[in-house]
1. Treating the point 7 Å from Cα along Cα-beta-carbon as the label, what are the nm separations from A:G237 to the other copies, to one decimal?
2. What distance in nm separates the two pseudo spin-label positions at A:F177 and B:V157, each 7 Å out from Cα along the beta-carbon direction?
3. So who's got an amide H within less than 5 Å of the one on A:F68, skipping anything under 5 residues away but keeping other chains? H placed 1.01 Å off N, in plane.
4. Using amide H atoms built 1.01 Å from N in the peptide plane, name the residues 5+ places from A:L166, or on other chains, whose amide H lies under 5 Å from its own.
5. Explain nothing, just the number: relative contact order of chain A, from Cα pairs under 8 Å at least 6 residues apart, as a whole percent.
6. Can you give the log10 of the normalised intensity I(q)/I(0) at q = 0.19 Å⁻¹, computed with Debye over equal Cα scatterers of the range A:117-235?
7. Tell me the label-point distance for the pair A:D208, B:R51, using the 7 Å Cα-to-Cβ offset, in nm and rounded to one decimal.
8. Sorted from shortest, what are the nm distances separating the label point of B:G21 from equivalent points in the other copies, each placed 7 Å from Cα along Cα to C-beta?
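Read the figures in this text as sums done on the coordinates, not as results from a lab. Computed from a predicted structure; not experimentally measured. A quick note on method: Cβ atoms are made from the backbone with ideal geometry, for glycine too, and the neighbour counts reach across all protein chains shown.
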There are 2 protein chains.
Amino acid sequence: MHFTSEQLLDDGVREREFCLGDVPGILWTPPSVSAPVPLILLGHPPLGLRRMYPRLVGRARRAVAEGFAAATIELPGSGDRPRWTDVEQARADLRRAVQAGEPVGGEIIDAVVLPLVDKAVPEWQAALDALLSLPEIGGPVGYSGGVISIGIRLAVVEPRIVAAGLFAGRFVPAVMFEEARRVTIPLHVLLQWDDEGNDRQAALDLFDAFGSEEKSLHANVGGHTGVPQFAGEDAAGFFARHLR
Amino acid sequence: MHFTSEQLLDDGVREREFCLGDVPGILWTPPSVSAPVPLILLGHPPLGLRRMYPRLVGRARRAVAEGFAAATIELPGSGDRPRWTDVEQARADLRRAVQAGEPVGGEIIDAVVLPLVDKAVPEWQAALDALLSLPEIGGPVGYSGGVISIGIRLAVVEPRIVAAGLFAGRFVPAVMFEEARRVTIPLHVLLQWDDEGNDRQAALDLFDAFGSEEKSLHANVGGHTGVPQFAGEDAAGFFARHLR
């Protein structure tokens, strides 16, 4: 892991871009750190870090204000990383089906999501190795948002992640419902009740499937991008409970 | 309205019992009040104030800690108030059906709940008149918990209530789903995901029916009485947003 740039944001948050092999990422830490701090990994949709930056930095500022570090990495096939021909083809099939108003078949969903999960999860784990080796970061670690299937897989396979905030999204492969049963860490699940592209019943079924003894579903009025401000505050309370 | 007793609780909360006609109630206020404070009405199931007191005083302490007053009144036919023969008969029918594991017919639910709503709601409104005439209470007013049908009716008919925290319970008359569509104030709805006696789908349908532009459903693992501590904290945040 090597840092490629560093800046102080207006509120004193320290923002560093890094590369881990060929995977770019961003780390945000408090202005000064006297003891190692917990870490929140910020998930995001596969639209590229540059495009997602405004929302990511907002979430990072909130995490840092709570006394945590926050970090994210680019997803495979997104942003400045090399195109990923097979998955791009599957994404094009998916977009075509959605635009035509056709039901999206399970095989298309699997082809779009499962390779992403399989490739991204070990990269997030490698990033975790590198981040936790920094003197200013100590854990525990939370995972927040992004592609829910990545969050589920990470919650199952990565014991250093002790709590996860997930965003109920569409296009969840059927096999992930099985993995959801094996999740046991505390979960905070956001659902936008009127999400145009989301199957509400599937989201409720997925919440039901999680094996965690502590799991909360927070459903709010509004579409996919209409998550109310206070929902972020409730999620901050969830991480404060589990990472402090 | 006349006060019948007064005591200071260990944390300085001022607790006064009162009677409004033949309806007993309890008012909790901060130790000292320099300006009129908002008010949260504390709903409860029809089990009698005395039996519900430990849970009510816990909720009241939390409200007072936020700078609010809290108040509750006895429901008709409960506690020290005169028995209510017709409703008692309907409740016996309901208990029999539940104990026998039979489906509870809509006519039994209507006979148990609708007279209670019709009689209790004007009493809560009269209590609101009296409470808001006290110099230390100024509003705005929130309503929290208890029989959800009472909360729905109050939210529809009582314009002084600006926000409601509701607890998704069982035995909701079909007609209340229609009233729910007419609710427009911000709502915070708690649902215990594994509530043995609750029909989860009916609770989700009721949440969907509410007409409010701001409504949040917070579902947590556990049975009817297993609401986690942090769910109360989220509800406190909801009232703080709307009553301050």
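1. With the label placed 7 Å along Cα→Cβ, A:G237 yields 0.5 nm.
2. It works out to 4.4 nm between the two label points.
3. The answer is none.
4. A:G145, A:H188, A:V189, A:L190
5. Values: 428 pairs, mean separation 38.4, N = 244.
For chain A, the relative contact order is 16 percent.
6. -1.02
7. 3.2
8. 7.6
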